Amino acid sequence: MNKLIIASICFIFTILACSKDENSVSNNYAMGTFVVNEGPFQTGTGTITYYNGTNAIQNVFEKENNDNVLGNIAQSMIKFNDKYFISINNANKIQIVNAKTFKAIGSIDVKLPRFFAANNSKLYATSWSEDFTTGAINEIDPINFKVIKSIVINGLVDKMVIKNDVLYATIGSTPGATHPNHVLVLDTKTNTITDTIAVGDNPNDLVIDKNGDIWVICSGFGTWPDPNLATAGSMHRISGNTSVFNYTLPKDSKGIAIDETGEYIYYLSDGKVMQHAVSSTSSADKEITTGYYYSIGLNKDTGELFLGNPLDYQGAGKIDIIHPLTLSEKNLQVVSYQAVFISVNRIFCCNKYQFKVLKYQMPIRRLYVDFNTILVLGGNR
């Protein structure tokens, strides 16, 4: 089974929040923090935890939907207008809920749905084929709950960003595959592929900087399943649909976040958290702190970095919070029995830094914060 699929994942989705006691249901989920817990692979169900700024409420989908479950492998979540769209990977569906009440209002059948991206008018979701050789970029009708168009891609299309009316998507592959690793460019006005941009092996995340350039981090291939196919990681800056600058990173480099000014990017590499100025053409990046973290994000209100740490993979993991200028530290505690992944663009902490997922949920992987718009950050599976 593809190693990417069996990796444990969950997401945090945050909007400005503050609410009631731990066991109550707020009935206003348009504001708050959500943890999307993947759940055990092949058995059981993914779940969603709601954090109101003070307490965590477990299994909010079940609570609001007569104990019905989401399905196996809750993959990701996005807010579009007045709805939340949740991809349920192994259940082959996208679940739609009302953003205020979290009541289920529909679903869309999609094979192995992955990640979302949206602009003001369009919503997209990536998906994979069952043999993990091809994928698709699917335009979603958010009103009638159906796929408007599915653009089949040769390769494992995954993370996306949209700049104006242009969508950029990472295309990965498995070691030894014949199709190259690249970033695909799609015109959202016509849903046609207009370009492909070569990058390094195994691109896993991307962000847009202050100049409108796209930064792509590539993990390279590790020693599994074949040490002879291992390759280095790399960082690429794309401008005008051309990779105009790149440099080599250690293999398994991953995750990318960008600060509130769009001037500095942060990423994880070889047991370090690194900083790169987008105006720099040097590969001599600044080390912020050390630690074998699994994901990274940045609070654009405070400038703080959020770093996912799985600890022993068996008990409570934690999210370390560090300011790259002052190096002051805090942490959020999370309970999981697998790796912790988090990615943050903006987060509202309500002056509260202890956050527990009470049941044996799967790890935190990605943090979203919404101030009327969804901000999706880095993090790597």
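The values are calculated or read from the model by the stated rules, or taken from the named source; none is laboratory data. Bear in mind that the values here come from a model prediction, so they are computed numbers and not experimental data. So basically every Cβ, Gly included, is an ideal-geometry build from the backbone, and we count neighbours across all protein chains shown.
Among the residues making up the stretch 32-64, those that are closer than 25 Å to Tyr124 by Cβ, at pLDDT below 75 and of a type in the set (A, V, I, L, M, F, W, C) are Phe34, Val35, Val36.
Within the stretch 228-248, being in a strand (DSSP E or B) and among the β-branched types (Val, Ile, Thr) holds for Ile238, Thr242, Val244, Thr248. Lys300 versus (1) in contact (Cβ under 8 Å) with a residue 40 or more places away in the chain; (2) assigned to a strand (DSSP E or B); (3) not aromatic (Phe, Trp, Tyr): which is the lone unmet condition? That leaves (2) as the condition not met. In the stretch 88-101, the count of residues that are within 28 Å of Ser219 (Cβ to Cβ), assigned to a loop (DSSP other than H, G, I, E, B), touching a Leu at 6+ places or on another chain (Cβ under 6 Å) and of a type outside the set (D, E, K, R) is one or more.
Test Asp285 against the stated conditions and say whether it is at pLDDT 95 or above and either under 25 Å from Asn164 (Cβ atoms) or over 19 Å from the mean Cα position of the chain (by Cα) (or both). For Asp285, the condition - at pLDDT 95 or above and either under 25 Å from Asn164 (Cβ atoms) or over 19 Å from the mean Cα position of the chain (by Cα) (or both) - is met. With the structure loaded, tell me whether Gly291 is small (Gly, Ala, Ser) and over 22 Å from Gly222 (Cα atoms) or whether it fails that test. Answer is no for this residue.
When each of Val97, Val69 is tested for being out of contact with any Asp or Glu (no Cβ under 7 Å at 6 or more places or on another chain), over 19 Å from Thr126 (Cβ atoms) and of a type in the set (Val, Ile, Thr), the lone residue that passes is Val97. Counting just the residues of the stretch 196-249 that are in contact with a Gly (Cβ under 9 Å, 6 or more places away or on another chain) and of a type in the set (Val, Ile, Thr), which one comes out nearest to Met160 (Cα to Cα)? By that ranking, first place goes to Val207.
Which pairs do you get when a residue that is among the aliphatic types (A, V, I, L, M), found in the stretch 230-247, comes within reach of a residue that is outside any strand (DSSP E or B) and surrounded by fewer than 16 Cβ atoms within 10 Å (Cβ to Cβ), reach meaning Cβ atoms under 6 angstrom, with the pair 6+ apart or on two chains? The qualifying pairs are Ala230/Thr223. Checked against (1) surrounded by fewer than 16 Cβ atoms within 10 Å (Cβ to Cβ); (2) more than 18 Å from His182 (Cα to Cα); (3) among the polar types (S, T, N, Q), Thr242 meets all criteria but (2). Taking the listed residues Thr194, Thr178, Thr190, the one that is out of contact with any Lys or Arg (no Cβ under 9 Å at 6 or more places or on another chain), modelled with pLDDT of 95 or more and either of a type in the set (Asp, Glu) or in a loop (DSSP other than H, G, I, E, B) (or both) is Thr190, with no other qualifying. Of the residues in the stretch 110-117, not one is modelled with pLDDT under 90 and within 30 Å of Ile208 (Cα to Cα).
The sole residue among Lys83, Lys103, Lys79 that is at pLDDT 75 or above, of a type in the set (Lys, Arg) and touching a helix residue (DSSP H, G or I) at 6+ places or on another chain (Cβ under 7 Å) is Lys103. Among the candidates Asp67, Asp21, the residue that is assigned to a loop (DSSP other than H, G, I, E, B) and modelled with pLDDT of 70 or more is uniquely Asp67. Need the failing condition index for Tyr293 against (1) of a type in the set (Ser, Thr, Tyr); (2) closer than 18 Å to Asn246 by Cβ; (3) touching a residue at least 24 places away in the same chain (Cβ under 8 Å), just the number. Tyr293 satisfies all of (1) of a type in the set (Ser, Thr, Tyr); (2) closer than 18 Å to Asn246 by Cβ; (3) touching a residue at least 24 places away in the same chain (Cβ under 8 Å) except (2).
Okay, residues lined up against (1) surrounded by fewer than 20 Cβ atoms within 10 Å (Cβ to Cβ); (2) in contact with a Phe, Trp or Tyr (Cβ under 7 Å, 6 or more places away or on another chain); (3) over 20 Å from Leu305 (Cα atoms):
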{"site": "Asp165", "(1), (2), (3)": "yes, no, yes"}
{"site": "His182", "(1), (2), (3)": "no, no, yes"}
{"site": "Gly200", "(1), (2), (3)": "no, no, yes"}
{"site": "Trp215", "(1), (2), (3)": "no, no, no"}
{"site": "Gly220", "(1), (2), (3)": "no, no, yes"}
{"site": "Pro227", "(1), (2), (3)": "yes, no, yes"}
{"site": "Ala232", "(1), (2), (3)": "yes, no, yes"}
{"site": "Pro250", "(1), (2), (3)": "yes, no, yes"}
{"site": "Ala257", "(1), (2), (3)": "no, yes, no"}
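Just to be sure before I move on: is Ala136 crowded, with 16+ Cβ neighbours inside 10 Å, aliphatic (A, V, I, L, M) and in contact (Cβ under 8 Å) with a residue 40 or more places away in the chain in the structure I sent? So Ala136 does not fit the description; no. Look at (1) within 18 Å of Val207 (Cα to Cα); (2) at pLDDT 95 or above and you find that Lys272 fails only one, number (1). Please verify whether Tyr292 is closer than 25 Å to Gly172 by Cβ, out of contact with any Phe, Trp or Tyr (no Cβ under 9 Å at 6 or more places or on another chain), at pLDDT 85 or above and surrounded by 15 or more Cβ atoms within 10 Å (Cβ to Cβ), treating the condition exactly as stated. Spelling it out, it is not the case that Tyr292 is closer than 25 Å to Gly172 by Cβ, out of contact with any Phe, Trp or Tyr (no Cβ under 9 Å at 6 or more places or on another chain), at pLDDT 85 or above and surrounded by 15 or more Cβ atoms within 10 Å (Cβ to Cβ).
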